[in-house]
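Colleague: Sharing a structure here in structure tokens format.
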Amino acid sequence: MKEFGKGFPGNQSLTNKKLLFGLWETADIICEIQINCKFTEFINNKSNVLYIEQESKRRQFFYQFSSFDAEHKILRGYIMSTKKEKWTSDNIPNLDGKVIIVTGGNSGLGFETVKLFAQKGAEVVLACRSVEKGEAAKSTIGKIKGQITVMKLDLASLENVKEFVNQFKAKYERLDILFNNAGIMTTPYGLTEDGLEQQQGVNHFGHFALTAQLFGLLKATKGSRVVNTSSTGHKFGKMDFNNLLYENGKEYTPMNAYRRSKLENLLFTYEMQRRIEKEGLDIKVLAAHPGTARTEIGRYAEKELWFKLFKPLIMLATHHNAYGGALPQVRAGIDANAKGGEYFGPDGYMEQKGNPVVVKSNKASHNEQDAKQLWIESEKLTGVTFDI
């Protein structure tokens, strides 16, 4: 084989050469995969044509080759649809009388989650750092069956988390679902108001403190749930309790800190579920990830050189919009058949997009020793005791 597709960027001989298809892993939008492919003689045959359709259905891209060896066999973009039953917003039941909190509800996955539940009659608290942006999001959603209340919540401030909880408790006597959805991704090294590394501070510790202080209401509400938003990035996350917060930026990289925070989301989910089951409580704790969805969380990653280099491939693969990205967590929140401790994500190739189903997280996320240690550290660093 002399060449691989006339229209392929950087058209060149690929025989016995490694092709790095891209680094795409975000909170929701990029999954890091490095592939080593070895191509043999090209045969111009229909059986060797892999069509990759854009969501718009207006154009098609195709890669032609006869055989390949790869650590991970991957097709970019379109995965052929099957006859499997699809789970959509039509599966959401009537939610009249339900009270739901969605953190980071002003944009991306959170915005879609707020909209879907409010349309079904729930009273949804849109919790976000900027009340102004929250009100703008509420206005964009427009007329709905339920009700949307905007409340200020800055997860980078433990004092503000406490203020939010007090205000919420003053107004509501129940909490059916808590969506710990808000997050930041691949930010430069920085600290929260309380001196915590900011990605972990917002993505995990802030939500830990929030959940702990709302747990009384969750216990008082029959069949309540907590849904934590994680990412495929957790698979690359590593816990290091000797330098958990990258003190003074030591060993800090934006992506590694993000990955660790997403692993912490799952460690927290599974440990909380184990403790709840031990006490026999009527609460389910689940997690979900969006696959690759186009949301604002990737704004810092988009500034990186590697992202700019591989942007065409990343965009080709990420036609999963925010609505599609939100469905896994929405299903985790209201599917009557969902079980505590389950993890939802898209069923497409490499879980990048597709129908929301139960998926598997990595072995590290089920490390009970790490989960218990993280719980202890979380109580210490937040100053909040979380008794189940």
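Colleague: One-quarter of the Cα convex hull surface for segment 89-382, in nm²?
Modeller: 14.4 nm²
Colleague: Let me ask you something else. Separation between the D240 and N337 pseudo-spin-labels, each 7 Å from Cα along Cα→Cβ, expressed in nm?
Modeller: 4.3 nm
Colleague: Taking the mean number of other Cβ atoms within 10 Å as a proxy for protection, how do you rank 334-341, 109-116 from highest to lowest?
Modeller: 109-116, 334-341
Colleague: Averaging sequence separations of C-alpha pairs under 8 Å and six or more residues apart, then dividing by the length of segment 89-382, give the relative contact order as a whole percent.
Modeller: 17 percent
Colleague: Order of 171-183, 231-243 by packing, highest average Cβ count within 10 Å first?
Modeller: 171-183, 231-243
Colleague: Considering only the other residues whose Cβ falls under 14 Å of the Cβ of T221, what net charge follows from Lys and Arg at +1 and Asp and Glu at -1?
Modeller: +3
Colleague: Any chance you could check the Cα centroid distance between segment 237-283 and segment 109-134 for me, in angstrom?
Modeller: 26 Å
Colleague: For D96 and I388 in the same chain, what is the full-extension length gain: residue separation times 0.36 nm, less their Cα-Cα distance, in nm?
Modeller: Fully extending the segment from D96 to I388 adds 102.3 nm.
Colleague: Given segment 80-216, report the % of alpha carbon pairs whose separation exceeds 19 Å.
Modeller: 52 percent
Colleague: Next up: Starting with the highest mean, order 359-365, 153-159 by the number of other Cβ atoms within 10 Å, averaged over the residues of each peptide.
Modeller: 153-159, 359-365
Colleague: Would you mind checking K162/K222; K138/K262; K235/K278; K133/K171; K86/K171 for any pair whose Cα atoms are more than 32 angstrom apart?
Modeller: Flagged as over cut-off: K86/K171.
Colleague: Continuing with the same structure: Rounded to the nearest Å, what's the spacing between the alpha carbon centres of segment 211-229 and segment 139-168? Just the number, please.
Modeller: With segment 211-229 and segment 139-168 each reduced to a Cα centre, they are spaced 16 Å.
Colleague: If we count every other residue with Cβ under 11 angstrom of H366's Cβ, Lys/Arg +1 and Asp/Glu -1, where does the sum land?
Modeller: Around H366, the charge tally is 0.
Values in this text are rule-based calculations from the coordinates and carry no lab data. Predicted model, so just to flag it, every value in this text is computed and none were measured. Glycine also receives a Cβ, built like all others from the backbone with ideal geometry; neighbour counts cover every protein chain displayed.
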